[in-house]
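**Q** Quick one: this structure, given as structure tokens, is what I'll be asking you about.
Nothing in this text is a laboratory measurement; each read-out follows from the coordinates by a stated rule. Since we're looking at a predicted model, the values are computed, not measured. All Cβ positions, glycine included, derive from the backbone under ideal geometry; neighbour counts span all protein chains shown.
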């Protein structure tokens with residue numbers, strides 16, 4: 001017998017924890033962020049219980065319990081609230097019959113011993129799939145990503161995703177698909193940057209030969225019928241292909257290469273680019289009409305350096321995942337490792353952080369991760385290098401200089417400190433600046449000279 005539970009919370013990490021706890025307890029569980037989504041799932045899923053997280057009430061107010069009770073008067077409700085109950089919350093609990101429980105473990109234990117007699121439901125549903133590392137976090141940026149992507153998932157409008165390499169644009173597109181009405185249909189993705197126009201056109205729209213189109217090869221737009229098509233790298237398309245993309249987005253139709261028949265677009269289109277579209281527009285590499293079309297429905301995925309408070313949160317999530325995947329005992333970081341994680345700028349964003357943590361877990365012999373492998377962070381020895389921007393030939397000189405200056409300057413300062421074993425005065429002298437200027441620069445990049453005290457640098 002599987003009991004069905006609707007879990008509500010305004011914090012993605014908290015909701016993730018509630019959902020996982022109930023699933024581990026053998027329940028069917030559905031997640032929702034807002035009142036309208038909650039009402040929809042109360043009507044569609046007919047849960048036996050509602051579990052309301054603390055941040056959901058903080059965001060919506062105590063009156064939200066009354067609205068939930070009105071939407072499903074026959075459903076028992078529980079509020080996860082560890083702090084003392086104030087008078088307003090007590091009145092809301094009394095008027096709705098909802099019960100307060102201190103934590104999720106208590107609630108799972110209680111409901112697992114609930115009397116028999118509930119109707120039998122099917123296997124646990126996966127309508128609340130969480131595999132998007134870029135959304136995990138507790139700061140405002142992460143919260144905005146969560147809200148924007150969930151709103152996009154409930155809409156049919158085309159969505160444009162922006163963000164640096166490694167920020168999770170592909171995962172964001174898949175998340176939108178998984179949480180949309182098209183979740184049960186196909187999800188197809190293709191990276192368009194650097195491909196010849198003829199190849200991109202055939203890949204997108206297929207091909208057709210013969211007077212009556214007797215020989216037809218459907219492209220991605222047709223193969224994704226009813227589902228979602230994700231086109232990455234669209235900021236680096238030729239002007240001709242941009243025009244064809246614009247027609248598909250606006251008119252919802254296209255013609256196969258070699259054919260005459262108009263084919264309707266019956267899929268949801270999500271696009272993405274790591275290129276700054278405004279800069280491309282000013283340089284004449286982007287059609288103005290496509291820019292304004294994409295810019296009207298944009299979701300930006302910020303780099304990890306703008307989410308510094310999320311670094312340790314994410315690192316601990318990845319630590320737990322990696323330890324489970326590889327059968328390791330590691331369950332926490334040393335203070336030294338945490339400092340290293342916080343100081344590093346993570347140019348590869350969430351993807352690089354996840355890789356670094358996994359490498360650290362694999363190298364860990366006990367329960368505490370003492371060190372982060374330098375190679376995974378491009379710190380120390382031969383790994384003090386950096387990658388040039390992808391598709392740099394499509395960038396203006398100013399864009400290229402801005403993108404590479406900061407990263408190159410950081411590596412230069414690290415190289416100096418490594419060579420002089422962390423000695424600031426000697427490093428400053430070699431750089432041709434005074435100590436004050438050198439200190440200001442290394443503080444700007446969160447570089448600690450102590451990290452280089454015991455390293456043998458190149459001479």
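**Q** Could you state the number of Å between the C-alpha centres of the range 1-61 and the range 269-294?
**A** After rounding, the separation between the Cα centres reads 38 Å.
**Q** Over the alpha-carbon set of the range 252-347, work out the extent along each principal axis and list the three values in angstrom, largest first.
**A** Over the range 252-347, Cα extents along the principal axes are 64, 35, 21 Å.
**Q** Now for a different question. Fewest first, what order do 18, 447, 176 take by the number of other Cβ atoms within 10 Å?
**A** Sorted ascending by nearby Cβ count, the order is 447, 18, 176.
**Q** Also: Taking every DSSP beta bridge with both residues inside the range 133-300, roughly what % is antiparallel (nearest 5)?
**A** Among the beta bridges of the range 133-300, antiparallel pairing accounts for roughly 25 percent.
**Q** Let me ask something additional. Can you put 277, 301 in order, fewest other beta carbons within 10 Å first?
**A** 277, 301
**Q** Cα-based Rg of the range 133-300 per 2.2 N^0.38 Å, rounded to two decimals?
**A** Ratio of Rg to 2.2 N^0.38 Å for the range 133-300: 1.05.
**Q** Where does each of 353, 246 land when they are ranked from fewest to most other beta-carbon atoms within 10 angstrom?
**A** Least crowded to most crowded, the residues run 246, 353.
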